1. Which of the residues that make up the range 20-40 are open to solvent by 60 Å² or more (accessible area, probe 1.4 Å) and in contact (Cβ under 8 Å) with a residue 12 or more places away in the chain?
2. Say whether the condition of being open to solvent by 60 Å² or more (accessible area, probe 1.4 Å), more than 22 Å from T92 (Cβ to Cβ) and part of a strand (DSSP E or B) is met by at least one residue in the range 4-15.
3. Which of the residues belonging to the range 49-76 are within 24 Å of F90 (Cα to Cα), under 12 Å from the mean Cα position of the chain (by Cα) and either charged (D, E, K, R) or open to solvent by 40 Å² or more (accessible area, probe 1.4 Å) (or both)?
Amino acid sequence: MLIGNVGMDPDVRYYEADQAVAQVRLATTERGYTLPNGTQVPDRTDWHNLVFYRGLAKIVERYVHKGDKLYVEGRLRNRSYDDQKGQRHFITEIYVENMELLSPRPSQSDETKQPASDPQTQTSEDKLPF
């Protein structure tokens, strides 16, 4: 289980029969603190590679953007690959099984409201002195 901020827009790819896979980088930060002897311990940010499949990947493609706060649950998977120079690289990924978007979304009414300073759009409630 992780709660963090999305570091980039999702990379979504489609394969056979309209199936999707989405990859997202998620940042989690452990806040810094001060030890009893006065030593400052700075913030520590870790980056996690998230992988979403099928319907969840399509939801991520539509609703998740850079900067959004996410709660995810999933399984850890380790894999390795050799690059063009022959060096082996190891990657840990989280295969997400459940996700909740924690960032608030602007409502339709918020986007279409006109400023209250326009006298033609003010209601009697807007004109109250308190």
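1. Answer for the range 20-40, where residues must be open to solvent by 60 Å² or more (accessible area, probe 1.4 Å) and in contact (Cβ under 8 Å) with a residue 12 or more places away in the chain: Q23, R25, T29, E30, R31.
2. Within the range 4-15, one or more residues are open to solvent by 60 Å² or more (accessible area, probe 1.4 Å), more than 22 Å from T92 (Cβ to Cβ) and part of a strand (DSSP E or B).
3. Within the range 49-76, just N49 meets the criteria.
The values are calculated or read from the model by the stated rules, or taken from the named source; none is laboratory data. Since this is a predicted model, take the numbers as computed values, not measurements. Quick reminder, even Gly has a Cβ in these numbers, built from the backbone with ideal geometry, and neighbours come from all protein chains shown. For the accessible areas, the whole protein counts, side chains as well, though only heavy atoms, and no ligand, DNA or RNA atoms are used. Shrake-Rupley method; radii C 1.70, N 1.55, O 1.52, S 1.80 Å.
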